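Engineer: I'd like to ask you about the structure that follows.
The values are calculated or read from the model by the stated rules, or taken from the named source; none is laboratory data. The structure displayed is predicted, hence computed values, not measured ones. We place every Cβ from the backbone using ideal geometry, glycine too, and count neighbours over all the protein chains shown.
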Amino acid sequence: MGIITLASTLAVGLLSYEVFPHAVVKLSLLFIIAPIALGSTLMWLLYYLRIRSVRSLGVKHSLHQLTHDVRDANTRLWEKLTKEPNFSVEQINKEITYLLTTICNNASIHFQLLTNNKFVGIAIRLVAIREADGALVYKTVARSKNLNKDRELTSEAIEGNSGIPGFFTKEKPAQGILIYYDVKEAIQEGTYTKTKNDELFPGEVATLMVAPLNAWSGIKEDIIGLMYVTSPNKGTFDATHIDALAFMADLTAAAISNTVEIASLMCGRESSEGGCNE
């Protein structure tokens, strides 16, 4: 009987907009607040979904734009080799730099969207033979436009058998992705070789990812370069970005190989049809 009496009391209290004498709840306020709270939550969810959808579309579009621009760069080289006789090796190198700069700018946009960080930059180093001693070194040939343009003036080649190149040629032959979560800490530990640009532009690279650019000779894979993805903010990159960088690196290596192949084919023709000078 006590429970029935209590239930009756509560029912009467609710009907009279009172639960207990000292805790008055206005049901009319609940009817106003509840829809507002629910509506605000739904609006926030819709806004969040819209942001995610726009970001997803941007990521997909950046990939499409990247492949589109790579195709255009290769077509541009083909047309120049067809129309311009005595096309020099120096001009071909400029076309490769143009191609890689295009890739850097598109890849930068792609990773900016992926990480929601507008400061993410891209740089590409290609392997070269040092004239002094014939040693292999890696030189920066292209970087995205959001990285300081003065880097080009003080850029240094890095040895092919040490640091990051050494890691990919010795410990992980042509495979894997390196992620430096804290570049300063890596320098102190000796796992990252500091360059002059690291000293001159200390706030530009706090964390980075690196992938090898691999070319397949038919016998084995050879590293023809390195792709760097950089950020001035710690915590920008994690394991979820590995596949995206692996894709970018493979696409870039293929684009370089195609460009070299186009140049080799066209430069091997008779001079009356166009060609190249050494």
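Engineer: Taking the residues in region 76-90 that are out of contact with any Cys (no Cβ under 8 Å at 6 or more places or on another chain) and of a type outside the set (Asp, Glu) as candidates, determine which candidate is modelled with the lowest pLDDT.
Structural biologist: Only one residue tops the list, namely PRO85.
Engineer: Filter region 166-189 down to the residues that are charged (D, E, K, R) and assigned to a helix (DSSP H, G or I) and list them by number.
Structural biologist: LYS170, GLU171, LYS184, GLU185, GLU189
Residue-by-condition table, conditions (1) in a helix (DSSP H, G or I); (2) out of contact with any Ser or Thr (no Cβ under 9 Å at 6 or more places or on another chain); (3) without any contact (Cβ under 8 Å) to a residue 40 or more places away in the chain:
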{"position": "LEU147", "(1), (2), (3)": "no, no, no"}
{"position": "LEU153", "(1), (2), (3)": "yes, yes, yes"}
{"position": "ILE164", "(1), (2), (3)": "yes, no, no"}
{"position": "THR191", "(1), (2), (3)": "no, yes, yes"}
{"position": "ASP222", "(1), (2), (3)": "no, yes, no"}
{"position": "HIS241", "(1), (2), (3)": "yes, no, no"}
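Engineer: While we're looking at this one, here's another question. Tell me whether region 119-142 contains one or more residues that are loosely packed, with under 15 Cβ neighbours inside 10 Å, farther than 23 Å from ILE223 by Cα and without any contact (Cβ under 8 Å) to a residue 60 or more places away in the chain.
Structural biologist: Within region 119-142, not a single residue is loosely packed, with under 15 Cβ neighbours inside 10 Å, farther than 23 Å from ILE223 by Cα and without any contact (Cβ under 8 Å) to a residue 60 or more places away in the chain.
Engineer: What is the residue count in region 156-203 for residues that are of a type outside the set (A, V, I, L, M, F, W, C), within 21 Å of the chain's Cα centre (by Cα), buried (at least 16 other Cβ atoms within 10 Å of the Cβ) and within 21 Å of LEU136 (Cα to Cα)?
Structural biologist: Number satisfying all stated conditions: 3.
Engineer: Can you pull out every residue in region 143-155 that is charged (D, E, K, R) and surrounded by 15 or more Cβ atoms within 10 Å (Cβ to Cβ)?
Structural biologist: Answer for region 143-155, where residues must be charged (D, E, K, R) and surrounded by 15 or more Cβ atoms within 10 Å (Cβ to Cβ): ARG143, ARG151.
Engineer: Shifting gears a bit: Inspect all residues belonging to region 91-109 and state whether any of them is more than 27 Å from GLY166 (Cα to Cα), part of a helix (DSSP H, G or I) and charged (D, E, K, R).
Structural biologist: yes
Engineer: Which ones in region 223-240 are β-branched (Val, Ile, Thr) and buried (at least 16 other Cβ atoms within 10 Å of the Cβ)?
Structural biologist: The answer is ILE223, ILE224, VAL229, THR230, THR236.
Engineer: Under 6 Å between Cβ atoms, which residue pairs at least 6 apart in sequence (or on different chains) link something in region 252-266 that is within 12 Å of GLU95 (Cα to Cα) and touching a residue at least 40 places away in the same chain (Cβ under 8 Å) with a partner that is among the aromatic types (Phe, Trp, Tyr) and surrounded by fewer than 21 Cβ atoms within 10 Å (Cβ to Cβ)?
Structural biologist: From residues that are within 12 Å of GLU95 (Cα to Cα) and touching a residue at least 40 places away in the same chain (Cβ under 8 Å), the pairs are ILE262/TRP78.
Engineer: Mind counting the residues in region 86-120 that are in contact with a strand residue (DSSP E or B) (Cβ under 6 Å, 6 or more places away or on another chain) and within 18 Å of THR259 (Cα to Cα)?
Structural biologist: 7
Engineer: Looking only at region 131-144, decide whether some residue is modelled with pLDDT of 95 or more, assigned to a loop (DSSP other than H, G, I, E, B) and in contact with a Ser or Thr (Cβ under 8 Å, 6 or more places away or on another chain).
Structural biologist: yes
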